[in-house]
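Written out below as structure tokens is the structure these notes cover.
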Amino acid sequence: MTIKSSQLTLSVSYFFLGALLVLSFSPFNFYPVLPLVITIFFWLIQKNNLPLKESLLFGLGFFIFGIYWIYICLQKFGGMPPIMAILTTFSLCLFLSIFFLSFSFFPKFKNKPLLVAAIFTIIEWVRSFIFTGFPWLTLGYSQVDSSPLAGYIPITGIYGVTFLLILTAHLIFLLLDRTKNRPWIIILIVSIWAGGHFLKKIEWTEPNGESVEVTLIQGNVRQDEKWNQIKIKNILDKYEHLIFESNSPLTVLPETSMPLLLEHIPSNYLNKIEAHLKQINGNLILGAIEREEENIYNSAVSLGVNGSQKYRKYHLVPFGEYIPLRGIFGFIYEDLLNMPFNDLSSGPKKQLPMYFDQQKIAINICYEDVFGNEIIQQLPMANILLNMSNDAWYGHSIAAEQHLQISQARSIETGRMMLRATNTGVTAFINEKGKVISKMPQFQSGSLTQSVQGFKGSTPFIKYGHFPVLILSFFIISLAFLQRKLIGKFLAVIKKQSKIQK
């Protein structure tokens, strides 16, 4: 009985140890916690020959505490029965925890820190595209933007930082576990972190043209009222009032800010806005659901003196904006969920930035900014990044701050400002170094105005994306595999020669 109780206590410890990783991400931002917690985890499992359960529990604790807000989306605003919402959220967290099973290699390779870092980095990268990808809480985001390791992001992207975090944790473990080579281990750890500190000082891009004043509008429309037919007029009036208050050359509304199909927005409403834009010599970007023949898109549409331009969302949210395997999962939407426009079409993968005088703006909608390799499709042509989101789905949770941190990473990777126009927050301006220079409080209606500078040029990440760190990781893994194979052959030859001599 005592042994079972001890095992249960240990299992619970792994679960809550994983939960501590969340403290490194926004809104907490204690970035040193992550490498230290992983070091502790390595120390606990070092003598376990098959730590699969421990790794799974560690990952489960991380994701349950990190993305619990999925439940809010499904139950409060999606209308899913509470039990089903709990089971669905738990299932997603359990699935994501499987990617932490790569840590189970640690006891076997505890003297090969580069190999452990390479394996986890590749597995985490796979999480970014399998089943269309869910790279939320990629470990590298925990270092945005205060950590010295953020200095590597313009070169390696976010997965390079993941690699260095795991490597750091492993080196700290070796520092505590052995007496030999300690000076070299210390030098390596210090070099990694000091190198990041100095890299942060490099100006990878340069200003382009004159700065322009931009106003971001935060409508603060409740998600459970957004598509309510009775509330449509009030919502349109609210946005009209906020638009007319802006005299900026560019004003931006959130994702799907118009609670109607674009073709159903009253023409007199749009005409009044166009007249205001003409009077101030300005432009407006609004979010709307757009229809073309049989296809329906989540779009950003511009009005004003620079003419009509469009961006159609490419990377759709599975089960939120389209139904994968409709024949199998269609019943979820018919019987369990109440989500409008849940079967959208995807826009083109490559789209041109929107042009506004000297500046070209690369638009991404909602969680498209989680995919750094897709953001660079419009670069280096674009000078400014713009994210239009509606994080009202996640209520009063930590999701919006986590999303802001992701946008900060995109700024650092590309050396460009990121503008965030959101429905309930976090509406913000982020500079080319990933610093939030101004933001609105969440769940308030209003606008935020800032002088915005465009940038030109390319960071190494814009040129090469994730390829360098992925190639390095694959090379390390291949080399270790080849080395092990050659050693095995060498030992077999020695054994054979020994038998012949006998």
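In region 215-232, which residue that is surrounded by fewer than 19 Cβ atoms within 10 Å (Cβ to Cβ) and of a type outside the set (S, T, N, Q) is farthest from Gly425 (Cα to Cα)? Looking at residues that are surrounded by fewer than 19 Cβ atoms within 10 Å (Cβ to Cβ) and of a type outside the set (S, T, N, Q), I get Ile230. Mind checking whether some residue in region 195-209 is of a type in the set (Asp, Glu), touching a helix residue (DSSP H, G or I) at 6+ places or on another chain (Cβ under 7 Å) and touching a residue at least 12 places away in the same chain (Cβ under 8 Å)? No: zero hits.
Candidates Lys360, Lys350: the one that is surrounded by fewer than 24 Cβ atoms within 10 Å (Cβ to Cβ), assigned to a strand (DSSP E or B), out of contact with any His (no Cβ under 8 Å at 6 or more places or on another chain) and not small (Gly, Ala, Ser) is Lys360. Filtered by the rule that a residue be polar (S, T, N, Q) and touching a Phe, Trp or Tyr at 6+ places or on another chain (Cβ under 8 Å), region 369-388 gives a lone residue, Asn383.
Screening the candidates Ile280, Ile243 for the property of being assigned by TED's automatic domain parsing to the domain that holds Asn431, of a type in the set (A, V, I, L, M, F, W, C) and either crowded, with 21+ Cβ neighbours inside 10 Å or in contact with a Gly (Cβ under 6 Å, 6 or more places away or on another chain) (or both) yields one hit, Ile243. Taking each residue of region 9-32 that is in the same structural domain as Ser97 (by TED's automatic domain parsing) and looking for partners that are buried (at least 20 other Cβ atoms within 10 Å of the Cβ) and part of a loop (DSSP other than H, G, I, E, B) with beta-carbon atoms closer than 6 Å, six or more apart or interchain, yields Ser24/Tyr31; Tyr31/Ser147. Somewhere in region 369-392, is a residue more than 24 Å from Leu250 (Cβ to Cβ), among the hydroxyl-bearing types (Ser, Thr, Tyr) and in contact with a helix residue (DSSP H, G or I) (Cβ under 6 Å, 6 or more places away or on another chain)? No; the residues of region 369-392 include none that is more than 24 Å from Leu250 (Cβ to Cβ), among the hydroxyl-bearing types (Ser, Thr, Tyr) and in contact with a helix residue (DSSP H, G or I) (Cβ under 6 Å, 6 or more places away or on another chain). Restricting region 289-307 to residues that are of a type in the set (Val, Ile, Thr) and part of a strand (DSSP E or B) leaves a set whose member that is farthest from Leu261 (Cα to Cα) is Val301. None of Val212, Val126 is of a type in the set (A, V, I, L, M, F, W, C), in contact with a strand residue (DSSP E or B) (Cβ under 8 Å, 6 or more places away or on another chain), farther than 22 Å from Pro27 by Cα and surrounded by fewer than 22 Cβ atoms within 10 Å (Cβ to Cβ) except Val212. For first residues located in region 370-381 and more than 15 Å from Gln408 (Cα to Cα), partners that are assigned to a helix (DSSP H, G or I) and not aliphatic (A, V, I, L, M) and lie 6+ apart or on another chain with Cβ distances below 8 Å form the pairs Glu374/Glu368; Leu379/Thr414.
Here Pro207 fulfils each of the conditions (1) out of contact with any strand residue (DSSP E or B) (no Cβ under 9 Å at 6 or more places or on another chain); (2) over 20 Å from Ser302 (Cβ atoms); (3) surrounded by fewer than 21 Cβ atoms within 10 Å (Cβ to Cβ) apart from (1). When Phe99, Phe62, Phe103 are checked against the criterion of being touching a Lys or Arg at 6+ places or on another chain (Cβ under 6 Å), closer than 24 Å to Phe16 by Cβ, part of a helix (DSSP H, G or I) and in contact (Cβ under 8 Å) with a residue 24 or more places away in the chain, Phe99 stands alone in meeting it.
Residues in region 437-460 that are touching a Ser or Thr at 6+ places or on another chain (Cβ under 7 Å) and in a loop (DSSP other than H, G, I, E, B): Met440, Gln442, Phe443, Gly457, Thr459. In this entry, Phe490 is excluded by the filter for residues that are at pLDDT 85 or above and either in contact with a Ser or Thr (Cβ under 7 Å, 6 or more places away or on another chain) or in a helix (DSSP H, G or I) (or both).
If a residue has to be part of a helix (DSSP H, G or I) and either surrounded by fewer than 21 Cβ atoms within 10 Å (Cβ to Cβ) or not assigned by TED's automatic domain parsing to the domain that holds Val190 (or both) to count, how many in region 46-55 make the cut? Residues that pass the stated criteria total 2. Kindly indicate whether Leu94 is in the same structural domain as Phe120 (by TED's automatic domain parsing), closer than 23 Å to Arg127 by Cβ and without any contact (Cβ under 8 Å) to a residue 40 or more places away in the chain. When the stated conditions are applied, Leu94 passes them. Candidates in region 222-266 are the residues that are β-branched (Val, Ile, Thr) and over 23 Å from Gly282 (Cβ atoms); of these, the one that is nearest to the chain's Cα centre (by Cα) is Ile232. The set of residues in region 283-301 that are under 26 Å from the mean Cα position of the chain (by Cα) and surrounded by 19 or more Cβ atoms within 10 Å (Cβ to Cβ) comprises Ile285, Leu286, Gly287, Ala288, Ile289, Glu290, Tyr297, Asn298, Ser299, Ala300, Val301.
The values are calculated or read from the model by the stated rules, or taken from the named source; none is laboratory data. Here the structure is a predicted model, which means the values were calculated and not measured. Please note: Cβ atoms are built from the backbone with ideal geometry, for glycine as well, and neighbour counts cover all protein chains shown.
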